[in-house]
Structures are given as C-alpha cells and as structure tokens.
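A short worksheet on the structure shown next.
The numbers here are math on the coordinates, done by the rules we state, and not lab data. What you are looking at is a predicted structure, and each value in this text was computed from that prediction instead of being measured. Backbone-built Cβ (ideal geometry, glycine too); neighbour counts: all protein chains shown.
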There are 6 protein chains.
Amino acid sequence: MDMIEQIITLALSEDSGLGDITSESILEHPRQGSGVIVAKQDCILAGTDAARRTFQMVDPDVTLRFLFQEGDAVSKGDELLRVEGDLLSLLKSERVALNFLQRLSGIATLTHQYVAVLKGHSVKLIDTRKTTPGLRLLEKQAVRAGGGFNHRFSLYDGILIKDNHIAVAGSILAAVQAVKNRMSHLMKIEVEISTMDQVDEALAAGVDVIMLDNMSIQEMAAAVKRICGRALVEASGNVSLTQLRTSLKQGWI
Amino acid sequence: MDMIEQIITLALSEDSGLGDITSESILEHPRQGSGVIVAKQDCILAGTDAARRTFQMVDPDVTLRFLFQEGDAVSKGDELLRVEGDLLSLLKSERVALNFLQRLSGIATLTHQYVAVLKGHSVKLIDTRKTTPGLRLLEKQAVRAGGGFNHRFSLYDGILIKDNHIAVAGSILAAVQAVKNRMSHLMKIEVEISTMDQVDEALAAGVDVIMLDNMSIQEMAAAVKRICGRALVEASGNVSLTQLRTSLKQGWI
Amino acid sequence: MDMIEQIITLALSEDSGLGDITSESILEHPRQGSGVIVAKQDCILAGTDAARRTFQMVDPDVTLRFLFQEGDAVSKGDELLRVEGDLLSLLKSERVALNFLQRLSGIATLTHQYVAVLKGHSVKLIDTRKTTPGLRLLEKQAVRAGGGFNHRFSLYDGILIKDNHIAVAGSILAAVQAVKNRMSHLMKIEVEISTMDQVDEALAAGVDVIMLDNMSIQEMAAAVKRICGRALVEASGNVSLTQLRTSLKQGWI
Amino acid sequence: MDMIEQIITLALSEDSGLGDITSESILEHPRQGSGVIVAKQDCILAGTDAARRTFQMVDPDVTLRFLFQEGDAVSKGDELLRVEGDLLSLLKSERVALNFLQRLSGIATLTHQYVAVLKGHSVKLIDTRKTTPGLRLLEKQAVRAGGGFNHRFSLYDGILIKDNHIAVAGSILAAVQAVKNRMSHLMKIEVEISTMDQVDEALAAGVDVIMLDNMSIQEMAAAVKRICGRALVEASGNVSLTQLRTSLKQGWI
Amino acid sequence: MDMIEQIITLALSEDSGLGDITSESILEHPRQGSGVIVAKQDCILAGTDAARRTFQMVDPDVTLRFLFQEGDAVSKGDELLRVEGDLLSLLKSERVALNFLQRLSGIATLTHQYVAVLKGHSVKLIDTRKTTPGLRLLEKQAVRAGGGFNHRFSLYDGILIKDNHIAVAGSILAAVQAVKNRMSHLMKIEVEISTMDQVDEALAAGVDVIMLDNMSIQEMAAAVKRICGRALVEASGNVSLTQLRTSLKQGWI
Amino acid sequence: MDMIEQIITLALSEDSGLGDITSESILEHPRQGSGVIVAKQDCILAGTDAARRTFQMVDPDVTLRFLFQEGDAVSKGDELLRVEGDLLSLLKSERVALNFLQRLSGIATLTHQYVAVLKGHSVKLIDTRKTTPGLRLLEKQAVRAGGGFNHRFSLYDGILIKDNHIAVAGSILAAVQAVKNRMSHLMKIEVEISTMDQVDEALAAGVDVIMLDNMSIQEMAAAVKRICGRALVEASGNVSLTQLRTSLKQGWI
C-alpha cells in the first residue's frame, strides 16, 4: 500500500469506517446509479489520481470517466468526472473524492496564479515541506499540476543545511564537510543563509544552492549579485502575489 | 493506534521515513538540545495534542512544556511550546509538529472570527464533512477550539437525508420511514431541503432537523417562519463573514 | 481497509498466515474444486457478508452463490452457499467463513426468539456494547438480521450518561448541561438511572431517553408511569426469554 | 504488534476510535480516578492478559492490580482487578477490557466443567479451530486456563488430513505419503476418519493420531479397541456434558 | 494481507513509496511495454511466487508468463519470465521482483548442491531459524525448491528444548515434563544436546528427536550408535559441502 | 512506525507471533535472566540499532549494554552485547536480534575488505538497489559501517537514466531534458552508458554523473580519459576483490 493509498484508506475510514447509516437504511437492496462532478468555479484541476483511487478502493467495479486531465484549466460548469456503479459505493466515495479534488485543485489554482506572474522570467516557483500532514505527495503533485516545481519531498531526498545545523557543526564549512563525508554523490548541497557574510562562507565551502531566508528585496538583489552564478539561488519567506508583481515591475527579479 | 496516531505516523513517514540525511551527517553522536515554538501572528491556538504526540512518537524521552492551552488566544511573539531532548529527535519532529499547529490554529482562528460575529445571537456555527482527508478529527477539534460546534463526524454518527436519498426513496416521507425502521433511537433525523414545499413535507414526516441548502436570505427567513420551532434549522452554503455581518445588521438572523 | 476487512484479515492471518501444511502437501499443483455450506440446524442466517468477503480476500477468483439472504429463516439441511474455485483457496477460507456464519447466525437466531416473543407489543429489542472484541459491527448486523435494533455502535455515536458520569459532574443536571455544551445537535441525550428520584431529575434536565438499569419489574412499571411519554424508556439488565414471557403475560409490558 | 495487540487495537478502535463524546464533555480537564472489577458470578478467571494490555494500550500510566490470577476459581462478589489513573482513560478502557474478561472467563468456566467430569479418567479435553475470528489465541489461552488442552492453533502448526484431503489424494495412504514428503519431521500426522475400514487404512499408513468423527459411542468403543494403542485417538462431534457423564457411567470411556 | 504480501509491501515502499522520479519524468503519458527476465547463470529457480505478486501488487493489469516453474533447474541465458503492461508499473516492479528472484534462487541453488551430495543416503537436509528477518517463509520455500526440508517455521510450530531451557527447568527430564503438560499432542519433542550423558538423559525422558549440536564427526557417530533408532537424530553446526563429502567418503553417514 | 520498526515487527511476527511454546511451557512464572552475545569470528560489527530495537520492542524493560559500537572491528570471542531482563522476553528476542547482527555484520565485513583494498586511491565504494527486500535501510547502514558509501536509497531520491529510459525517450539528450523539466534542482543527473558514443552524448547533454556499465577495464580507462573530469564516473558490474587488486596493481585505477 503506497502513501497515497494510506491517506485514502484513512480518509475513508474516518468517514465511513462503520458504515453510512442514512444510505444503508434507504438502499436496502443494491442499486446501480451514476453521478457527475461539476466545477463550481474556474480552476486548475488536480487530485484526479486520488479521486480515481478513492472510488476504486471503495468498489473496484465502479467505472470512472474523467473529461479533463490533471493540470487542465477548467471552467465553472464543466463536467469533470462521470462515475457509474453501485449507488451505495458512489455515496460512500463521493465526499472523500470531492475533498481531495477541492483541496488539491485549490493548490494547483493558486500555484498557477504565481506561475503566471513569473512567466517570461528566469525564475521557478518551488514548494516547501510546509504541507498538510499526510498529504505531502498529493500536494506536491498539485503544485506541479499548477506549473510549479518541487523542492525536496522529505528529509532524506535532499540536503538543506539550516541555522540549527550550522550552530551544531560550528560553521557553514564544518557543516558542509560533515555532509560531504556522508552524503550520496548524487545530491547537491544547499545552505540557508540570512546575511551577506554567510553568502561568502557558503561560496567558500563550495555549496551548490544558497537559500536567502527572509531577506529584504534589496538584500536579496545584493546577494544575487555577489553569488554571480556560482551557486543556484533560492528566495524564501514573505512571498505574496502582490510583492511578486511589485518586484517584477521594479526589475528586481 | 487511534486515528490521530495514524495521521501522525503517516506524516512522519512521508517526512523522515528513511531518515534525515542532513541532520544525521552533522549529528553523528547523540546530543541534547532544546527549542521554542513562537507565534508569528495573533491566533487561536489549536493542534496542541497532535503536536505533543508528534514529538512523543518520535522520541518518548523528549519533554514538552506548553505555555498556552488549546483554544487560548495567543499574540504574535508569544512562546507557545518549549521542547527539550535529543537534538536529532527534535529536528525530526519539528516540521511535522509545526505543520499540525499552523494548519489547525488557522482553522481555530477563522472559526473564532465567525463565532465573534455571531456572539449574542441564538445561532451556532457548525462545521461539515468537507475536511482535509485524514485530518477530520483534528480539524473538528480545531473548530471547537475556535468556539464552533461540530456537525456529525462521519456517515455513521448522524443521519442526514440529502437530495440523492430522497430521489432513491421516492419522497421525503419514504426516506424518513426507511431510516426510522433501521436507525438507532438515539439519533435525530435531519433532512436537507431547498424549496418551501419540501419544508412542509419534512415537517409532516416528523424530522428533527431541517437544513436549508443554498437558499437566499429571504427564502431562509420565510422557511424559518414556516418551521416555527417545530424542527431545528440549519443554513448551509454561501456563508461568508461579510454576508453574515450584513444579515445580522438587517435583522435577518 | 474497513473494520470488517480488518477482522477478516486477522482471522485469516491467525488461521493460515504461514500456510496450510496439510493441503499444500496434497495439492502440489493447482486444482479446481467446489463446495456447499449446509445448515446443520434451523436458524436465522447471518454473516453472509463476512463469509463472502473471507472467500474473496483469500482469492478474488472464487465464485460464490448464496441461496439464501441475510436474515432469512433457513432449515436444517438447506444449502446456504455454493463456492467454486481453486481448491487450496477454498480449503483456506472454509473454516474462517464458517466461524463467521456460525457465530453470527447464532446471534441472529437468538435475537429472533426474543423478537418473536415481543411481537405485537410496542417494545423494541435493542443491543449493547457488550460485544465480542473486534466483531461489533458484524454482531450488530446479526442483531438486525434477527429483527432487533441497534443501540449506539461506540462511544462516539451516541450519548449515554452513566453513574460514573453523574458522580463526576455532581448531578444529572450538571452532566446533561456539560454534554449539551459540547455535543452535536443531531444526537439525543440518554441517562442511565436506578431510582425514582433520578427519574425526576432526568426529566427536569430535559433528557430524551431514560434507561432503567437493573430495576425490578414493579419499579420499572412505576417509572414508566411517572415518565409518561416525556422521554423514551429503555430497560436494561436481567432480561431473559422466560422473564420476558412472564412479564408480557402479566401485562407488565 | 503481536496478534493480541492487533485484536485489542481493533476493539478499541471500534469502541472509541473517534473519542467518547459523553465522557469528554463531562471531563473537560484531566482527573484521576480508580475502579474495581467485581465478579458477578462464580467462574474461572481468564482474559487477564488481554484486559491488562487493553488498559495499558489506552494509557501506559494506568496502574493495575490483579487480585486473582489467570485460571483461578473466583466467587461472586470477589474483587478481581483494581485500576487507577486518568479517569478518561479508565472509562475508555473499561468496556473493552470487560468484554475480554467476560467472554474468556465464560470459556474457561465451561471448559472447567468438562474437565471436572473427566477427572480421574485418562482422557484429555482438547479444543478446535472453531473459534471466534480474531480471538483464537485468547480463546485457546482460556481453554488452558480452564484445564483443557489445545489442538493445533492453525493450519500451519499441525497436520490433520480430512475427508477433502483424502478425496483429492485418492486414499488415506496417498495423502499420508504426500504429507510425509513435505512436512517437518517434528510433526505428527493425524487423520480424521468415520468408518472402521478407514481405521485400518490409517493404521496401515502409519499415522500418529486418529480422529473418530461423529461416530456413535458404540462405534467409537470398537474403533478404540481395534486401534489398541497403535495411534492416539481423538473423538470429535456431539460431545455434551450430559453425554460425557452417561458415557463415563457406562464405562465407555 | 499475509506475511508474503507484507514483505512485498515493505520492499515496494522502501523502493518507490514516494514514486520513481526518473521514470515518471520520462513517461509523462501512460505507455505499454514488455520485458523479459533472463538467467545470468545456471541455477535452481525460486521466488517465482514473490516475483509474481510483486508485479501484481504494483499493477493488477500486468500480465506475467513464467517459462519455468519454482524448483526447475535453469541455464544461463534461459528466459524465465515475460511481463507485459504499463511501462511505469514494470519499471517500478522490476528491481524488487529481481531482488526476490536472485536471493531466493541463490538459496535454492546452494541447497540443491548439498542435496545432490546427500543423494542416495538416508539423510535429509533441513533448514534453521537463522533466516533473513521478514523473509523466513520465502526462504523456507526456497529451501524446498532446492530439495531440502524445513525444520520448524517459528517458535510456535515445533518444540525444541535447548541448553537455556534445560538450565531453567533443572534437567532434561524436568523440561520434557513441563512441555508435555502444556503442548499439543500433535507435536514431537526435540532436545538439543552436546554430550553423551545428555543422550542417555534424553532417551530416558522419552523425546522424539535429538539434535547433536556442534559435536565432532566421531562423537556424532558414537551418539547415533547409542540412540540406535530410539529417536530421530539431527546434526547441527559446522556442516560444509567439503565436510559432508569427506564424511560420506569415510562412511560416517 | 518507521521502516526499521516495520521489518522488526515482521521478523518478530514470523518468529513468535503466536508465542514460543517451548519456553512458555518451561517458564510458567516470570523469571529474570541475562545473556551475552559473543562474536564467533573477526568482523566489523553492524546491526546494533536493529538488535537493540528488537529487544526493546519485545519488552521495553530489558536493559542492553553494547560493549562495541556500530562499525567497530571486533575479534572472535569478544563480548558484543549484554542483555538483562525477563527471561521469556530474552528468549523471544534472541534469534531475531542475532539474525540482524549476523547478516548486517557480514555485509559490513565484506564492504570493509573492499574498502581496505581501495585505501589510498581516489575511488569510493558505493552500493546499489540490489538489496534484500525490506532490509534496504539496514543494509545501507551496514555498508557505511564497513566504510562504504551509499548510492541512492530508492527510486525517489536520485536520478539514474538507464537504457530503458533512453529507449523510451528516444535519446540520452531527450531523457535528460525530460528529467530536467520535472526534477528538483537539488539533484544531480546520472546516466548509465555502455559505449564510447554514449559517453559523448551524455557529456553533451550536461549530465553530472556517468555510470560505465559492464565495460572491460580497458574500455573504462578510455572512457575516464574521455570524460576527463567533466562528470563524476561510476563503474558497475563484474567488480570482485580479485579483479580490484589486479586493476590497482596494473595502475588502471
């Protein structure tokens, strides 16, 4: 059972683990039925895989036909998904499938708004580990559906040296060395820094990626200049749509 | 393992199931440490139970001291939680615990804003089953922390007859009868209706609660008048803070 | 995996988790076979769902044909179920499926005897939480198959204030208030009482259901008279078929 | 998590997986408490291990003191177990722990009645695989608590050749050969037979144990005589306390 | 989910629980494909069941055709298995399926070399509990595929009294008595001994099997002579192919 | 429950899930005991974490004292671990803990032999995904204990473009582009190649790491020369201790 099946299992369990007393009372005998999921507002569709699996885990005999694909821009009123099968199964799956679709399409849609603003600039929108517990894989898929990119998925598929690590190791250099002694040669090393001095230290230590954390636009501009292509640069913190538009207008990005 | 431990397990697994390569490289030998979680904005605190259990499931020897309780109003800069223990354990738990606290305090804070508007009126704010998959129990706790009330938790602890059920049964009356033949006598019967005729039908069938779904304020006012205390009334759909304030000003609630 | 699949999984695991050494020795090569499950005494059939799922979880290619339905009265010698498929799968499923059918049909049959005695009287037979650990959902289905009704399924889908709760809260009234402050408005409030004074207290507190616990027939008659329709009444404890018949003969029910 | 923890987990999950709404409403703040479990009738105590673990899985800080041990004969009114700890934990564990104790003590008590009848005779009472799904390990412990012995626990820790196996293999001899080619040399071979011819066949095939299935007392007596110590003998089917007493009086056992 | 499905689940989870970033990048749209698994050296094929289930658990729509059976001797270059289906599913399953096949065929092949040496002698090759954690059932199947026999699978399907048990019980006799008081009559009793005195003790206690542990060839020969058919004999420790060949040449076995 | 706890759970379950009939018969009453694990040959110690957790998962009250650390070189006869606690718990944990220690120390010891040969050369020994199903994390720890380095842990924490991927994408360049469009910027790109032309293609596509698969020593030398530091180089296949020593003597590495 992969991670997505685990969260679907949990979601079904909390919603109908002991049954659906209303529907079971009314549907004493099995009965076929069908349903359509319709968009209530314009959005970027995401969560189709989770929704499909939700119906199929409840009842493998339910048939689904998606009329749009993951990442498609859909309009208010568009039919997204047609389902057919045992009515009790449909009623049991419906709310959970919708909860996935609504939440994940919301993420894809917001991501898409940021990506649209950044279009034509050499900047990528990337996500974080600040995801809803248990839904990371799905939320990261939704970010991609919206045109964004993923940062690391977890603490084991990417190296990010933060202030705590630097404090423990003694210096950026010491932290980078410790990591190099142990890490796979397939990974790049990223350091999170917040002052210009740390930029120099990080470059001297030979890191691959530098994250500028909670700096002002002006400080970031200075840091990017100093780094001058010697490492990839990430900016983190206080990034809103408004601020992004201003920065672009000012030529800061 | 209860539902909350299941979602914490899943969250830890997706974040550090194969380890934390950065921290493990730097912390080759066990080392004690401590940390403080501080509020970055005013909010109603929620998720304290999930956060506590996250730290303890990673390492039962970590000690936690909460400086505020679930449901407390905290201010930007307030220290919320102090943790102490093995540094590797703290670093492994931190992000997951914060993800619970941030998301759930957000829900409690927004709930509280609605509840504040409704104060002094004989109306209760109640939640729905439109929750994040896997987090229902926690999100419903957060609603209570914010001063709201819970509707049913799942399809098995409350009866709610919806349009689909009515269509299958043939009529509101038939649906109510079917449910009464099967249900526990400890439960009330709720019907979701959208026209005035259905209000009459529902009252005639002897339901305990009537949910007015997606009606206009005027229609709702008329329905409440017709019901006249013979059943509890719920209003669902299109409820925003702005609309709530307007309705109250107009004396509609 | 819902609760029923969990108990089936556990049952299969304890019976054949490491294989079936006898059958595997004799059936070195796959072989098709069939079998019939026959009633060894008159009974009310229950557990058909669990039995069906047991065979299908062992091997989705086994075909089943039930000749009777859940809740049917069957006679000694009746063929209940025909199964066909891989012989090893049938031998692995057989005992577990039978264990479900035998136990659950036993419950349905006994329930039906009580229900038969009560026929024509305005009394419903309801069950309790005193069920076999892990089989609650199935045993409650068997009670319904036998014509009985279900009390709450768990501690979260019904409110029942017992002596312990009253002691903690200080009084019936205080307990009822505490519950009302927190509970969903879809639930009724039940109080378990054992004296006539408590009946008055409960009525004053506005409870919906009163359970008379371990009272004598005479006391119960007095209590019912006092309650006089202001709350639903449940009688609990010392209810045997013999006592029930006597009480009905005496006109006590 | 061993099998017993799995069934306890399932039992707790079905009873309080989403909480205990009554107790949680009344016990808003943690509170210490204590309780005593008292025997309501004379019985052989069983299920103490499952009961202990139930309390401890809900809350490791609950303290338990058993006043009797597994297998002890206890009298109506005896205090069996004292528990102390967080009141909410006690209320959550109580019903599940009692369900284990009541069911398993019932099995031990009935077993003990049979064993008492057999006392002084060279006959052992042994159990079967006809156990409640998910509780096999516990029910087999209860049989031992009552003085009985266990037959095999599952399909993988004992060899029992039944009619189906004989039919597939072609003859008792062929079945025994197939098993000997594959089985561990640590196991004995048992065959279930129902005619005197089969007794001869089984002895010729060199089996270790012969089960006489559903034979009359007279037939069994003849079979035992024929076997004459060359194999262990089991009798299965239609064994009631009454029949056992009669058989002993007649000198058939 | 049986034990084999549990280890496959774990293996898939550790290999692709969060996806396959390389293949998913390249295979944006579903695509059918096929593959062949070819033997890279002569061996006894084992692990076919685990390999089949691995592909099917990843994707039930993958079709497999095994060209050889469990236990067959295959030659370098032989095609063993053809798979066909969704390419992403094949790439996800491939490494895990191969890891099972390679490891288990290795065990079967080595077992077969020992068995070949023993051919024509009245000695059976049996395995131990010194198996890879989590793979016991599969490794024991591989031993049988190679022509070996299984000793007990676990601590609950066979009795083996070791030095620790003898020390606790006080003597071999006391240990055997304790076991007889509790054990199923379907099991034989085995004792592990290391001196000639213990052989006599064991025989006197009536054990069924005697394991000679870490004795020299000469001591073993003497012990076998003393036992003289009164119990089955096992030899354990320091058994290599070379030593086995020597012993046979010398007529010790 | 992290991955290591899952494999330990599975290992305990297959070994003593239904109990330990021998020890439980002899140890009817709880009894304290102690034990020592001693090295039977010189080796590099590994698996200490898994062994520790095995004892503690069986019984948290067992105390352990390791006399050596993970990665230490120990000699035949050295005491490695002392355990103390309930005797039944020790007997239940012993075999599983030893199975971890023996297998993992074997891996560390062999790794160490390779690493010793490579000492003083600018070559690192790295592992693969050809690990025992379910034990990957532990086996990778053992490789590090022996002085080796880890390649990627799974399909999601490293990018490795193989022949299948190249075939699907159409060319190395197309595969690299597809991966760059989707991958995290924290990862390097590795391509597995087997001809000199592919070396050029890979360099042109800008990959970070090139794996030379199953090439002869001469071909590898030529490839390394051609790559000339523009990418990291890995050699895979046919690497034995003997071949390694020869290559070093010849100056090929």
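Ordering C:N238, C:F149, C:A204 by Cα displacement along the dipole of the stretch C:136-253 toward the positive end leaves C:F149 in first place; charges were set at the Cβ atoms of Lys, Arg (+1) and Asp, Glu (-1). Each other copy holds its own label point for A:A204; taking that point as 7 Å from Cα along Cα to Cβ, the gaps run 4.2, 8.1, 8.2, 8.7, 9.5 nm, nearest first. Across the identical copies, the 7 Å label point of D:Q113, projected outward along Cα→Cβ, sits 1.4, 6.3, 6.8, 6.8, 7.3 nm from its counterparts, in ascending order. Using Cβ point charges alone (K and R +1, D and E -1), the dipole size of the stretch F:77-205 about the Cα centre works out to roughly 200 debye.
Three semi-axes describe the equivalent ellipsoid of the stretch D:67-198; taken as square roots of 5 times the Cα gyration tensor eigenvalues and ordered largest first, they are 40, 19, 11 Å.
Charging the Cβ of each Asp and Glu at -1 and of each Lys and Arg at +1, and nothing else, the dipole of the protein assembly as shown about its Cα centre rounds to 20 debye. If you bin the C-alpha pair distances of the stretch E:149-253 every 10 Å from 0, what whole percents do you get? Percent of Cα pairs in each bin: 14, 46, 31, 9, 0. Take the Cβ atoms of E:L173 and F:L118, set R0 to 56 Å, and the FRET efficiency comes out at 0.45.
Between E:E192, E:E28, E:E70, where does the largest GNM mean-square fluctuation fall for chain E, given springs only between Cα atoms within less than 10 Å? Of E:E192, E:E28, E:E70, the most mobile in the Gaussian network model is E:E28. Taking a sphere under 15 Å around the Cβ of C:F68 and counting the other residues whose Cβ falls inside, with K and R at +1 and D and E at -1, yields a net charge of -1.
Over all pairs of different C-alpha atoms, the stretch B:38-77 has a mean inverse distance whose reciprocal, the Kirkwood radius, equals 11.0 Å.
Exposure proxy for A:F66, F:F153: other Cβ atoms within 10 Å of each Cβ, ordered fewest to most, give A:F66, F:F153. Closest approach to the axis carrying A onto D, counted by Cβ on chain A and given in whole Å with its residue, is A:G17, 4.
Only one residue of D:G170, D:L91, D:L80 has its Cα farthest out toward the positive end of the dipole of chain D, where Lys and Arg carry +1 and Asp and Glu -1 on Cβ, and that residue is D:G170.
Shielding of peptide E:84-96 by partners, expressed as the average count of other chain Cβ atoms within 10 Å per residue Cβ, is 2. Partner shielding of C:172-184 amounts to 4, given as the average count of beta-carbon atoms from other chains within 10 Å of each residue beta-carbon.
As a calculated quantity, the FRET efficiency between C:M196 and B:T246 at R0 = 51 Å, using C-beta atoms, amounts to about 0.45. Mean sequence separation of contacting Cα pairs (under 8 Å, at least six apart), scaled by the length of chain F, corresponds to a relative contact order of 15 percent.
Computed over the alpha-carbon atoms, the stretch B:65-117 gives an Rg to Rh ratio of 1.05, Rh here being the Kirkwood radius from the mean inverse distance.
Per residue, the average separation of C-alpha pairs within less than 8 Å and at least 6 apart gives the stretch A:44-121 a relative contact order of 43 percent. By the compact-protein rule of thumb, 2.2 N^0.38 Å, the alpha-carbon radius of gyration of the protein assembly as shown corresponds to a ratio of 0.98. Legend: translational diffusion of the stretch A:136-189 by Stokes-Einstein, Rh = Kirkwood radius over C-alpha pairs, 37 °C, 0.692 mPa s; D = 256 µm²/s.
The alpha carbon centroids of the stretch A:37-97 and the stretch D:1-56 are separated by 41 Å. Put one equal scatterer on each alpha carbon of the stretch C:1-49, apply the Debye formula with no solvent term, and list log10 I(q)/I(0) at q = 0.18, 0.19, 0.25, 0.29 1/Å to two decimals. Values returned for q = 0.18, 0.19, 0.25, 0.29 Å⁻¹ are -0.95, -0.99, -1.01, -1.03.
Pairs of lysines in the stretch E:115-253 whose Cα atoms sit within less than 16 Å of one another amount to 7, provided the residues are eight or more positions apart or on different chains. For chain A, the spherically averaged projection of the C-alpha convex hull amounts to 16.8 nm². When you filter the trypsin sites (Lys or Arg not before Pro) in the stretch B:92-165 for DSSP loop state and at most 10 other Cβ atoms inside 10 Å of their Cβ, you are left with B:K119. Reducing the stretch F:177-219 and the stretch A:117-189 to their Cα centroids gives an inter-centroid distance of 23 Å.
Placing a label point 7 Å from Cα along the Cα-to-Cβ direction at E:D49 gives distances to the equivalent points in the other copies of 2.8, 3.2, 3.2, 3.3, 4.4 nm, listed shortest first. Overall shape of the stretch E:109-169 was characterised from the C-alpha gyration tensor. The equivalent ellipsoid obtained from it has semi-axes of 25, 16, 9 Å, in decreasing order.
The ranking of B:V176, E:V117, C:V83 by Cβ neighbour count inside 10 Å, starting from the fewest, reads E:V117, C:V83, B:V176. Distance between the modelled labels on D:D163 and B:Q41, one decimal in nanometres: 7.4 nm (7 Å Cα→Cβ projection). At the listed q of 0.11, 0.13, 0.17 Å⁻¹, the Debye profile of the stretch F:1-104, built from one uniform point per Cα, gives log10 I(q)/I(0) equal to -0.33, -0.46, -0.78. In the stretch D:113-253, Cα pairs under 8 Å separated by at least six residues give a relative contact order of 18 percent. Residues considered: F:A231, F:A73, F:A178. Largest GNM mean-square fluctuation over chain F, using C-alpha springs under 10 Å, is found at F:A178. Here the label points at C:K225 and F:N238, each 7 Å from Cα along the C-beta direction, are separated by 10.3 nm in the simple model. Taking the Cα centre of chain C as reference, the dipole from Cβ charges on Lys and Arg (+1) and Asp and Glu (-1) amounts to some 920 debye.
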